[in-house]
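First up is the structure itself, then whatever we jot down about it.
The values are calculated or read from the model by the stated rules, or taken from the named source; none is laboratory data. Fair warning: this is a prediction, and the values are worked out from it, not measured in the lab. Backbone-built Cβ (ideal geometry, glycine too); neighbour counts: all protein chains shown.
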Amino acid sequence: MTTLSRRDFLKLGAFSLLGASFARFAPPASAPREQPVLYQGSLRYARVALTYDDCNLVTQLQKLEKIYDQYPDMRITFFPVGEALLNNEQKDPGIWRRFYQRGYEFGYHTFPFEHINPQVLPAAKVIEDYDLWLDALREVLKTEPVIRFARPPFGNASPSFLAMCAVYGLTPTLWSTGWGGPVKDVVQYTVPKLRNGDIVLMHIRIEDVETTALALPQVQARGIEPVTMSRLYLDLLKEQNQSPGCNPPAAIESKTTCIE
C-alpha cells in the first residue's frame, strides 16, 4: 500500500480544489474551504493595519524599528519574502524576534527575493513555496508562529494561490490604500484620506520608511489605532455579526462567526 506524505496529501487537496473550481459543481464538504480575498476592514472601528511587504533592506528595517520605538502601543504586520528573513537575520541577528516580541504579526509573501507571479504556478508549487517560507520564519523567530494571512505577489490572487490559502486556512489579503511613492505627495494627499479599516500597503524601502515617520503623528492625532491584521479581521467579524465583542483567538481561528 502506498503511503502519502503530508505534503503529498496537501498537494492532492489543492488539485482537488482547483478541479472543483473549474468544474461546474460544488466541491465536496471535505474539501478545503476557500476564504474570500480581504481588501478592507471594518469602517466602524478607528483602527487600521499598516503592512510592509518584501522587507529586503535591513538598514531600513532598523530605521523602522527606531521609529516604532516612539509608538510602543502601535502594532504592524510584515509580509516578508523568505530570503529576506534569512539574509537580514544574518546581518542583524535577532531583528525579527525583536519585532515579534513587540506583538507584531507576520504574513506569507513568497520565499524568493524575486516575486514569482502565482498565476503561472500550479497549486503544488505555491504550496511548496509556502513551506519554504514558513521554515525560514520558524528559523529566525525560534518558535512556531501562527500565520493567518497571505499576500500574493503583484496582488494576483490566482486560483493556485487561493487553493494554497484554502489548504492552509490562510486569508488571502490585499489592500485598500498604499503609502508608496514620493514622500511629500503621500504625506500631503494620501495619508489624510486614511479611513477606518484601511489596510495600508507599504514596502521596506527608503521612501516608505520616511513616509511612516511623517505619517504616524497624523494617525495618532486623529485617534486612529494601527493594529495587526488579526485585530482588524476580528473587527470585521464583529461588524458582520453585529456583536459588541467576542473571544479574539477563537473568532480568528474559526474565520466564521463572532457572536457572544
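So, G103, is that one under 16 Å from the mean Cα position of the chain (by Cα) and loosely packed, with under 15 Cβ neighbours inside 10 Å or not? Step through it out loud before you land on a result.
Working: under 16 Å from the mean Cα position of the chain (by Cα): yes; loosely packed, with under 15 Cβ neighbours inside 10 Å: yes.
Here the answer is yes, as G103 does meet what is asked.
I'd like the full set of residues that are part of a helix (DSSP H, G or I), crowded, with 16+ Cβ neighbours inside 10 Å and either touching a residue at least 60 places away in the same chain (Cβ under 8 Å) or small (G, A, S) (or both), limited to segment 191-211.
Of all residues in segment 191-211, those part of a helix (DSSP H, G or I) come to 191-193, 206-211.
If we keep only those that are crowded, with 16+ Cβ neighbours inside 10 Å too, we end up with 191, 207-211.
Within segment 191-211, D208, V209 meet the criteria.
Could you list, in sequence order, the residues of segment 86-140 that are touching a Lys or Arg at 6+ places or on another chain (Cβ under 8 Å) and on the phi > 0 side of the Ramachandran plot? So that I can check it myself, show each step before the final result.
First, the residues of segment 86-140 that are touching a Lys or Arg at 6+ places or on another chain (Cβ under 8 Å): 97, 102-105, 107-109, 123-124, 127-128, 131, 140.
Correct list: G103 only.
So in segment 127-148, with the set limited to residues that are touching a Leu at 6+ places or on another chain (Cβ under 7 Å) and under 14 Å from T110 (Cα atoms), which one is surrounded by the most Cβ atoms within 10 Å (Cβ to Cβ)?
Within segment 127-148, the match that is surrounded by the most Cβ atoms within 10 Å (Cβ to Cβ) is L137.
From the set of residues in segment 123-148 that are part of a loop (DSSP other than H, G, I, E, B) and in contact with a strand residue (DSSP E or B) (Cβ under 8 Å, 6 or more places away or on another chain), which is farthest from W96 (Cα to Cα)? It would help to see each step written out before you state the result.
Residues of segment 123-148 part of a loop (DSSP other than H, G, I, E, B): 142-148.
Next cut, in contact with a strand residue (DSSP E or B) (Cβ under 8 Å, 6 or more places away or on another chain) only: 145, 147-148.
Details: P145: 12, I147: 15, R148: 18 Å.
Checked segment 123-148; the qualifying residue farthest from W96 (Cα to Cα) is R148.
Given (1) surrounded by 17 or more Cβ atoms within 10 Å (Cβ to Cβ); (2) at pLDDT 95 or above; (3) polar (S, T, N, Q); (4) out of contact with any strand residue (DSSP E or B) (no Cβ under 8 Å at 6 or more places or on another chain), identify the lone condition not met by Q188.
Answer for Q188: the failing condition is (1).
Quick grid of which residues meet (1) among the acidic types (D, E); (2) within 19 Å of E207 (Cα to Cα); (3) touching a residue at least 24 places away in the same chain (Cβ under 8 Å):
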{"site": "K66", "(1), (2), (3)": "no, yes, no"}
{"site": "Y71", "(1), (2), (3)": "no, no, yes"}
{"site": "P80", "(1), (2), (3)": "no, yes, yes"}
{"site": "E89", "(1), (2), (3)": "yes, no, yes"}
{"site": "D92", "(1), (2), (3)": "yes, no, yes"}
{"site": "W96", "(1), (2), (3)": "no, no, yes"}
{"site": "F99", "(1), (2), (3)": "no, no, yes"}
{"site": "Y104", "(1), (2), (3)": "no, no, yes"}
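Among the residues of segment 218-260, which ones are modelled with pLDDT of 50 or more and among the β-branched types (V, I, T)?
Within segment 218-260, V219, I224, V227, T228, I252 meet the criteria.
Residues W179, W133: which one is touching a helix residue (DSSP H, G or I) at 6+ places or on another chain (Cβ under 6 Å), within 23 Å of Y71 (Cβ to Cβ) and of a type outside the set (S, T, Y)?
Details: W133 fails: within 23 Å of Y71 (Cβ to Cβ).
Exactly one of W179, W133 is touching a helix residue (DSSP H, G or I) at 6+ places or on another chain (Cβ under 6 Å), within 23 Å of Y71 (Cβ to Cβ) and of a type outside the set (S, T, Y), namely W179.
Say we look at segment 95-122 and pick out the residues that are in a loop (DSSP other than H, G, I, E, B) and of a type in the set (D, E, K, R); which of these is farthest from P152 (Cα to Cα)?
The initial filter retains those residues of segment 95-122 that are in a loop (DSSP other than H, G, I, E, B), namely 102-104, 107, 109-117, 121-122.
With the extra rule that they be of a type in the set (D, E, K, R), the set shrinks to 102, 114.
Details: R102: 25, E114: 13 Å.
Looking at the filtered set, the residue picked out is R102.
Can you tell me how many residues within segment 149-171 are buried (at least 22 other Cβ atoms within 10 Å of the Cβ) and outside any helix (DSSP H, G or I)?
Residues meeting the conditions: 4.
Please go through segment 87-127 and give me each residue that is of a type in the set (A, V, I, L, M, F, W, C) and farther than 17 Å from A163 by Cα, ordered by number. Break it down into steps so the answer makes sense when it comes.
Residues of segment 87-127 that are of a type in the set (A, V, I, L, M, F, W, C), as a first pass: 95-96, 99, 106, 111, 113, 116, 120-121, 123-124, 126-127.
Answer for segment 87-127, where residues must be of a type in the set (A, V, I, L, M, F, W, C) and farther than 17 Å from A163 by Cα: I95, W96, F99, F106, F111, F113.
Please verify whether T212 is more than 17 Å from G107 (Cβ to Cβ) and modelled with pLDDT of 95 or more, treating the condition exactly as stated.
Values: more than 17 Å from G107 (Cβ to Cβ): yes; modelled with pLDDT of 95 or more: yes.
For T212, the condition - more than 17 Å from G107 (Cβ to Cβ) and modelled with pLDDT of 95 or more - is met.
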